[in-house]
Amino acid sequence: MANQSSRYPILCASFNQDNSGFAISTKDGFKIIDSNTGRLCYDRAVGAFIIVEMLYSSSLLAIVGAGEQPSLSPRRLCLFNTTTGAPLREMTFLTSILAVRLNRKRLVVVLQEKTYIYDSNSLSMLDTIDTVPNLKGLCAFSPSLEGCFLALPATTAKGAVLVYNVMELQLHCEIDAHRSPLAAIALSSNGKYIATASEQGTIIRVHLVSEATKSYSFRRGTCPSTIFSLSFAPSLQLPDILVATSSSGSVHIFSLGFETNQRTKMSGSFLGSILPYSVNDALDPAHHHVLHNAVSAGVRSYAVVRKVDKVADSSSSEIASCRAIISLIAYNGYFQEYTFTLNSQNESTWSLEREFNLVAVISGNAETS
């Protein structure tokens, strides 16, 4: 997730595929930090980068320069080995690279009007996708090899999404999600669900990828706001929660049901968010939980759900509470980690567990405050 403005110290920020680590870039270089401990794992001060993507916790990085130095062209993708400190392969494109996504089998490179799919091991080109002008490099990628999908804007006139199966190298579906152009999209880690937000930012929708016509709506608010990030909780089935950040400075959590096809059962169960069967419906506000003023209004931010634990009631098989770990990166230079707890009465609490200055991280564990 690259920062479009240079007024903040963080130029880009990205978590790896399992959210166990993250990368940030400043005007001086980039850093790899362990999400669990805040420990600095790697630091390279060689100039500004607009893209730094990790492959899980391996030594492989995909990096793209910000263009402030001739050797760091925004048209050049470098696959970099942090163990040897040397590039493994460089690939140069005709226009600037706007986004890069990768897993153990596929490498995706997004340009303004073309998207390239490569084999991650041989780096042979497998497919080229002609796209509508994608000035922000908007895309979503599910790293699972069983449901390995890539989502891209389908049009600039409204919020439609193209979903490609990058393992089978074919178009999977097109989803008409919003009347306004897209601002954010996210795929669940297993590729089963996709979340979208338009430039209005008032409604967030969740779609079942296998049934592109089925959509569920969640109201974030009534006033327009720019959605900076969307992220599902890790799960093999329907993710338990969806987290969003916006230009209002708030963090939003939407609690999701466990079974999309059992509306009656869901309505009476814990976290039983009634997922509406029409895109015109909006989720009951009771299932929308907000942490206000997590960052200053207007500051770009990026949040992920790193872990979800559910506690069962000792006297029954029902879930008594849900506890989630939310990690937040603000582009003004700060990392925050919250514990979000939701009980069976739908009462939620937020607790700030850690906060530290990303730019000041040098070595060892980050200092918390």
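Would you please give the residues with an amide H less than 5 Å from that of Lys307, counting only those at least 5 places away or on a separate chain, with H modeled from the backbone geometry? The list, which skips near neighbours in sequence, is Ile325. Computed 3J(HN,Hα) for the stretch 336-347, one whole-Hz value per residue from the Karplus formula 6.51 cos²θ - 1.76 cosθ + 1.60 where θ = phi - 60°, is 10, 10, 10, 9, 10, 10, 10, 9, 5, 8, 6, 8, glycine and proline marked x.
Taking a Cβ cut-off of under 12 Å around Arg106, the surrounding Lys, Arg, Asp and Glu residues balance to a net charge of 0, with basic ones at +1 and acidic ones at -1.
Cβ-to-Cβ counts within 10 Å put Lys105, Lys136 in ascending order as Lys105, Lys136, the fewest first. With a cut-off of 9 Å between beta carbons, the residues surrounding Cys78 carry a summed charge of +1, where Lys and Arg count +1 and Asp and Glu -1. Scanning residues 5 or more positions from Arg300 or on other chains, those with amide H under 5 Å from its amide H are Tyr331, with H placed 1.01 Å from N in the peptide plane. Quick one: of Lys214/Lys307; Lys114/Lys310; Lys192/Lys310; Lys31/Lys307, which pairs are farther than 31 Å apart, Cα to Cα? Checking Cα-Cα distances, Lys114/Lys310 exceed 31 Å.
Which distance in Å, rounded to a whole number, links the C-alpha centroids of the stretch 67-117 and the stretch 184-207? One Cα centre to the other: 26 Å. Using only side-chain charges placed at the Cβ, +1 for Lys and Arg and -1 for Asp and Glu, the dipole size of the stretch 12-357 relative to its Cα centre rounds to 380 debye.
Counting beta carbons within 10 Å around each of Arg7, Arg101, Arg179, Arg44 and listing the fewest first gives the order Arg7, Arg179, Arg44, Arg101. Put in order of Cβ neighbour count within 10 Å, fewest first, the listed residues Ser58, Ser71, Ser180, Ser142 become Ser71, Ser58, Ser180, Ser142.
Measuring nothing but how far apart in sequence close Cα pairs (under 8 Å, 6+ apart) lie, relative to its length, the stretch 12-357 scores a relative contact order of 8 percent. Dividing the convex hull volume of the alpha carbon atoms of the stretch 12-357 by its residue count gives 132 Å³ per residue.
Values in this text are rule-based calculations from the coordinates and carry no lab data. Keep in mind that this is a model prediction, so the values were computed, not measured. Cβ coordinates were reconstructed from backbone atoms using ideal geometry, including for glycine residues, and neighbour counts include every protein chain displayed.
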